[in-house]
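Taking it in order: structure first as structure tokens, then the write-up.
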Amino acid sequence: MRRALPSSLCRQRLSTARGWCGTTIRSLSSSTFPSNSHPDKEMPDSLQLPSSFQSSSSGGSGIAPLAIDMVDPAVIASYPNAATHLTDAEISLFSDIKPTPVSLRQILETTDPYEAAQFLHSEFPVRCAERIRMIESIPTSSWVEVPELVEAHGRHVLAFWKLRSVSLDQEQVGEGLEEFTEAVREIVKENADMTSLISKGMTDLYRNCDEETIDASYIDGFLNTFLLNRLGSNVLMKQFLAVASPAEFGVVAGASYEQEGSRTGIVDPNCDVVRLCRQTAREVAKMVREQTDRSPPPITVEAYSASEDDLSHNGMRSSPTFSYIPPALGYILRELLKNSCRATVDACATLAHGEIRRRPVSVTVSADETRMMICVADRGGGIPFDRLQNVWSYLHSTTRMKSWRDEEMAACDADDSITSSATGIDHHHPSNPSELAGYGIGLPMSRLYARYLGGDLNLISMPGYGTHAYVFLPRLSTDQVETFSDRHEYVGTALAKASTQHGSSRGDFVL
């Protein structure tokens with residue numbers, strides 16, 4: 001029996017929301033969800049509202065609406081014109097709910113547009129509200145002085161309000177789906193550059209604040225938590241758009257993921273890792289030639305597997321495949337190969353002609369029944385031991401920046417590449433030398449991609465010789481479950497720090 005995305009959470013959110021906001025909160029539940037759709041997860045009997053919503057009086061519903069003077073005026077100023085302070089109250093309601101992780105198997109099996117819409121309608125506000133509160137919890141409210149952060153905050157509030165303003169009819173299945181689909185499409189389009197926008201904002205925040213208030217570890221922790229949350233939201237939204245508008249994504253309408261060669265959305269149930277590695281290698285090699293006017297190092301791709309499932313009909317080993325989002329894996333591979341090729345080209349710049357041909361970049365794919373590993377190795381001289389941790393910082397840049405607009409165009413927003421190609425890799429490569437060199441967010445974003453579904457990315461450097469990058473990924477779709485940082489613990493720590501040094505950043509507002 002096909003398992004749908006969690007339904008019990010939708011019904012509980014509906015009960016809580018109705019008790020507080022009445023008819024202003026749209027319905028979140030649907031009879032189309034099986035009641036036992038998530039048997040492994042034990043849900044609480046009811047959701048607890050934030051303490052700031054508890055009424056001091058003994059009468060009434062026990063829930064008090066949020067007073068407008070409890071909110072920073074700068075926060076209200078960034079709200080969309082059609083939204084009132086009630087939007088802020090809804091944000092508080094949803095921000096107190098933890099996201100519900102889903103597995104790649106559940107994403108693959110959810111091919112009905114209305115079913116996917118129902119879950120997204122209840123889950124997106126939770127994740128979006130978390131990111132809104134993260135921005136608002138920045139110590140000393142210094143974010144209101146950074147234009148990019150104010151813009152990012154306003155866009156999130158608008159996205160939250162836009163999706164909450166659409167009602168999915170519970171009585172007539174499919175009613176409201178077209179309006180909901182258009183709202184999701186607008187949210188995706190309007191926030192395509194969010195990664196570069198929030199990264200620029202946090203970088204400027206770091207430069208404008210003293211390290212006692214905002215240090216490098218705070219910036220990196222904030223962006224890791226924020227961007228991982230956003231990545232999950234984008235996957236859900238773009239998977240929904242893929243099943244709701246299959247023609248736009250090269251997906252066969254109504255196809256089952258069990259059908260060989262079928263794509264049910266942005267996930268490829270038979271992602272060919274070796275083919276993707278070779279395709280990415282060709283693109284990076286072309287990029288090197290065009291942007292450096294020099295020959296790239298040779299890039300070799302080999303595959304090994306200990307799984308009997310990877311035996312072809314004639315007993316020969318075939319390329320290992322698994323369920324994954326091809327553009328996401330392509331992004332990781334492209335960043336690693338760009339770094340390796342650039343390091344090798346630089347290392348051979350003063351050496352004898354032809355030396356670069358003797359320093360190939362090797363890509364090795366290895367697999368067993370449960371895991372996949374990809375190793376990208378080069379002889380580009382490695383990274384000094386004392387600088388190795390810098391590569392995971394969003395504040396670290398491997399090349400001199402031109403303008404942020406150039407960077408924004410070159411980055412093209414990492415997680416937006418998820419849907420840039422329905423068949424493989426994002427083909428957006430601006431003719432800008434910075435695309436090869438990078439701007440410092442490629443490796444951190446690549447590690448988030450790997451960690452999002454339970455994998456990881458590690459580097460081993462041998463200074464004077466080269467660098468080995470290892471990508472570990474679960475192979476079973478049931479093991480590929482969304483991973484989130486604990487935003488509640490993170491924000492609580494940030495607020496405690498802000499309160500100790502400068503007082504609360506949002507007055508009496510409790511997360």
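The values are calculated or read from the model by the stated rules, or taken from the named source; none is laboratory data. Every value quoted in this text rests on a predicted model; they were computed, and no experiment measured them. Positions of Cβ are generated from backbone atoms using ideal geometry, with glycine treated the same way; all protein chains shown enter the neighbour counts. Note: areas computed on protein heavy atoms with side chains; ligands, DNA, RNA excluded. Shrake-Rupley method; radii C 1.70, N 1.55, O 1.52, S 1.80 Å.
Values for this structure:
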item	result
Scope segment 456-478; condition surrounded by fewer than 18 Cβ atoms within 10 Å (Cβ to Cβ) and not in a strand (DSSP E or B); matching residues	Pro463, Gly464, Tyr465, Leu476, Thr478
Some residue of segment 180-197 being open to solvent by 30 Å² or more (accessible area, probe 1.4 Å), over 25 Å from Pro99 (Cβ atoms) and touching an Asp or Glu at 6+ places or on another chain (Cβ under 8 Å)	no
Subset tally (residues that are outside any helix (DSSP H, G or I), surrounded by fewer than 16 Cβ atoms within 10 Å (Cβ to Cβ) and modelled with pLDDT of 90 or more) for segment 252-293	1
Residues located in segment 86-131, provided they are within 24 Å of Pro269 (Cβ to Cβ) and hydroxyl-bearing (Ser, Thr, Tyr)	Thr100, Ser103, Thr110, Thr111, Tyr114
Residue in segment 172-179 that is free of Cβ contacts under 8 Å to residues at least 60 places away in the same chain, closer than 17 Å to Arg127 by Cβ, open to solvent by less than 40 Å² (accessible area, probe 1.4 Å) and assigned to a loop (DSSP other than H, G, I, E, B) present	no
Segment 267-312: number of residues that are free of Cβ contacts under 8 Å to residues at least 40 places away in the same chain and of a type in the set (A, V, I, L, M, F, W, C)	1
The listed residue being of a type outside the set (Lys, Arg) and touching an Asp or Glu at 6+ places or on another chain (Cβ under 9 Å), out of Val150, Val166	Val166
Residues within segment 207-219 that are crowded, with 19+ Cβ neighbours inside 10 Å and within 20 Å of Arg131 (Cα to Cα), tallied	3
Conditions (1) under 20 Å from the mean Cα position of the chain (by Cα); (2) at pLDDT 90 or above; (3) open to solvent by 10 Å² or more (accessible area, probe 1.4 Å); number of the one not met by Gly382	(1)
